[in-house]
Amino acid sequence: MAHILSKRIFRNKKDVFNLKNVFQKVKFLMTDFYPPSEFDEWAHDYDQSVADNTGFPFDGYAEVLQSIVDLCSPRPNASVLDLGIGTGNLALRFAQRGCRIWGLDFSAEMLRLARVKLPDVALAQADLRAEWPPDFHHRFNNIVSAYTFHHFTLDEKVYQIQRLLRNNLTSDGKLVIGDIAFSSESEQDQLRQTLGSEWDQEFYWLADETTQALALVGIQANFYRVTNCAGIFDFHLKG
């Protein structure tokens, strides 16, 4: 079921109206695929593993994080929500610019490590797709995420981006996501064939189908390549 959903393209407005129902059906399925316990186990080695990785899937990791910050160009005291904050690597870059940070993650151990780096920020354990704690029920100047949304199907990505833009971002705010991403399925397939058994398939972003699906719900998406397996997106409501 998840594989089928990951390939889905929105072709008409009926798909858009059914989007929320689709999301409700798959959100717990996705949690089963990627349980918090897996990330708890990885948390201790996470920073070292991404720092040491010079190939797929974390090639250009630091550059992706910095590109997110640069695209947001946050002012001091701006409110920043980091979805899937992990050990706090992206949020730390915003904190160093004088921003106020809120962070969500469903891994307790990842959050414990984030608190060491960022002792004065608002952190909460929650699945970003579910209900957020009350302290997070307001609009943010910047909403960001790094290496999180590739765990979600295209349907879920579209649903969440709509939700964030309409309900959680200030009118002049910026929503920027950096992740494992390709311009198209053919580009992804080229790397998959090159890597062979080293390839690990998840719901990686395909920029062409993502922009098409979002356009149907009134959202402009822009994709910026960072490496051959990573890039960043920014999103805006049309009109």
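What the table shows:
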{"quantity": "Cα lying deepest toward the dipole's positive end in the stretch 2-237, options 64, 229, 132, charges on Cβ", "calculated": "132"}
{"quantity": "Low-density loop positions, GluC sites (Glu not before Pro), the stretch 152-204 - DSSP coil, at most 16 other Cβ in 10 Å", "calculated": "202"}
{"quantity": "In nm, spacing of pseudo-spin labels at residue 59 and residue 38 (7 Å Cα→C-beta vector)", "calculated": "2.3"}
{"quantity": "Exposure rule at most 14 other beta-carbon atoms within 10 Å, DSSP loop trypsin sites (Lys or Arg not before Pro): the chain longest free segment", "calculated": "12-138"}
{"quantity": "Rounded if a/c under 1.5, otherwise prolate or oblate - the chain, Cα gyration tensor axes", "calculated": "rounded"}
{"quantity": "Charge dipole magnitude, Cβ of K and R +1, D and E -1 - the chain, Cα centre, debye nearest 20", "calculated": "1280"}
{"quantity": "Dipole of the chain [Lys/Arg +1, Asp/Glu -1 at C-beta], most positive-end residue of 99, 35, 181", "calculated": "99"}
{"quantity": "Net dipole in debye of the stretch 80-132 [+1 Lys, Arg Cβ; -1 Asp, Glu Cβ; about Cα centre; nearest 20]", "calculated": "260"}
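Laboratory data are not the source of any read-out in this text; all were calculated from the coordinates shown. On a predicted model such as this, the values are computed, not experimentally measured, just so you know. All Cβ positions, glycine included, derive from the backbone under ideal geometry; neighbour counts span all protein chains shown.
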